[in-house]
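Enquirer: One structure is given below, represented as structure tokens, and several questions about it will come after.
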Amino acid sequence: TSEVPVQTSIWRVRNDAGTLLSTLTVDHLSYNFPAEGEYSIELLSQSENDCTDTLARDLIVNPMIEILNDDYFDDFEGAATRWYKGGSPLGTNSWSLDEPAGTVLNHAYSGTKAWITNPAGDYSNSENSWVTGPCFSFAGVSRPMIKAQIWPFIDDPDDGATLEYTSDGGNSWNTVGM
């Protein structure tokens, strides 16, 4: 096989409603997103011999919340909770912000909503998915503390949940408590 150079690269940026925000014909994308939220990035490439291909990925621009002296609290009841579901591009993602209605998980800790997989039953086998939240800056806090209500009805030790942090702007991530 021989490599054929890419002749044209067209990038399209859409918001979570599917509205086209920008179309750029450049080799390398540089784009300033207008706000936090979910976006879709699409790359259309055409080679010198007119072969075309498209690659699309979803992207989440998380907010940065600076924790000073006030506590942060989110019971997922508001319209903008700043939490998003994500997962492997080829896999299943059964996460939803919903009212629990299962036989085991049948209520939320606070309010009526919770992030759950399949509100009325079991989660999907071999699922690689997650819920990601806002980024927090604890720069002004001497002893930060995280408290979360988690109901882990999982297949131990194959499944689980982690809380991660970065101290280098997201270049590397570490598991809290490890």
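The values are calculated or read from the model by the stated rules, or taken from the named source; none is laboratory data. Being a predicted model, the structure only gives us computed values, none of them experimental. With ideal geometry, Cβ positions are generated from the backbone for all residues, glycine too; neighbour counts draw on all protein chains shown. Areas reflect the complete protein model, heavy atoms only, side chains present, ligands, DNA and RNA absent. Shrake-Rupley method; radii C 1.70, N 1.55, O 1.52, S 1.80 Å.
Enquirer: State all residues of the range 1-17 that are outside any loop (DSSP other than H, G, I, E, B) and within 26 Å of Pro134 (Cα to Cα); if no residue qualifies, say none.
Expert: So the first thing to find is which residues in the range 1-17 are outside any loop (DSSP other than H, G, I, E, B), and the list is 6-15.
Once the filter is applied, which keeps residues that are outside any loop (DSSP other than H, G, I, E, B) and within 26 Å of Pro134 (Cα to Cα), the range 1-17 yields Arg12, Val13, Arg14, Asn15.
Enquirer: If Asp168 satisfies all but one of (1) of a type outside the set (Gly, Ala, Ser); (2) surrounded by 10 or more Cβ atoms within 10 Å (Cβ to Cβ); (3) within 21 Å of Met64 (Cβ to Cβ), what's the number of the condition it fails?
Expert: All conditions pass for Asp168, except number (2).
Enquirer: Tell me yes or no: at least one residue of the range 92-102 is farther than 26 Å from Gly37 by Cα, among the hydrophobic types (A, V, I, L, M, F, W, C) and in contact with a Pro (Cβ under 8 Å, 6 or more places away or on another chain). Spell out the reasoning first.
Expert: The initial filter retains those residues of the range 92-102 that are farther than 26 Å from Gly37 by Cα, namely 101-102.
Those still in the list that are among the hydrophobic types (A, V, I, L, M, F, W, C) too: 101.
Retained after the next criterion (residues that are in contact with a Pro (Cβ under 8 Å, 6 or more places away or on another chain)): 101.
There is at least one residue in the range 92-102 that is farther than 26 Å from Gly37 by Cα, among the hydrophobic types (A, V, I, L, M, F, W, C) and in contact with a Pro (Cβ under 8 Å, 6 or more places away or on another chain).
Enquirer: Still on this model: Could you tell me which residue of the range 156-165 is farthest from Gly87 (Cα to Cα), considering only residues that are open to solvent by 80 Å² or more (accessible area, probe 1.4 Å) and of a type in the set (Asp, Glu)?
Expert: Step by step, filter the range 156-165, then rank; the result is Asp156.
Enquirer: Working only within the range 4-17, note down all residues that are at pLDDT below 95, closer than 13 Å to Leu59 by Cα and open to solvent by less than 70 Å² (accessible area, probe 1.4 Å).
Expert: Matches in the range 4-17: Asn15 only.
Enquirer: Tell me which strands (runs of 3 or more DSSP E) are completely within the range 18-124 and hold 2 or more residues being touching a Leu at 6+ places or on another chain (Cβ under 7 Å) and loosely packed, with under 13 Cβ neighbours inside 10 Å, or say none if there are none.
Expert: Answer list for the range 18-124: 52-61.
Enquirer: Something else now. Only residues in the range 161-177 that are in a loop (DSSP other than H, G, I, E, B) count as the first member; pair them with residues that are charged (D, E, K, R), Cβ under 6 angstrom, at least 6 apart or cross-chain, and list the lot.
Expert: Hits for this filter: Trp173/Glu164.
Enquirer: Filter the range 131-151 down to residues that are closer than 19 Å to Gly86 by Cβ and assigned to a loop (DSSP other than H, G, I, E, B), then give me how many there are.
Expert: The qualifying residues number 4.
Enquirer: Determine, yes or no, whether Ser88 is farther than 21 Å from Phe153 by Cα, under 20 Å from the mean Cα position of the chain (by Cα) and polar (S, T, N, Q).
Expert: Taking the combined requirement at face value, the residue satisfies it.
Enquirer: Based on what the data block shows, is Ile67 under 30 Å from Ile146 (Cβ atoms), in contact with a Phe, Trp or Tyr (Cβ under 9 Å, 6 or more places away or on another chain) and of a type in the set (A, V, I, L, M, F, W, C)?
Expert: The answer is yes for Ile67.
Enquirer: What are the pairs with Cβ atoms under 9 angstrom where one residue, in the range 127-153, is farther than 24 Å from Leu68 by Cβ and the other, located anywhere, is of a type in the set (A, V, I, L, M) and assigned to a strand (DSSP E or B)? Sequence gap at least six, or different chains.
Expert: Val131/Leu97; Trp151/Ala114; Trp151/Ile116
Enquirer: Mind checking which pairs have a first residue in the range 85-106 that is touching a residue at least 60 places away in the same chain (Cβ under 8 Å) and a second that is surrounded by 15 or more Cβ atoms within 10 Å (Cβ to Cβ) and assigned to a loop (DSSP other than H, G, I, E, B), Cβ under 7 Å, 6 or more apart or different chains?
Expert: From the range 85-106, no pairs qualify.
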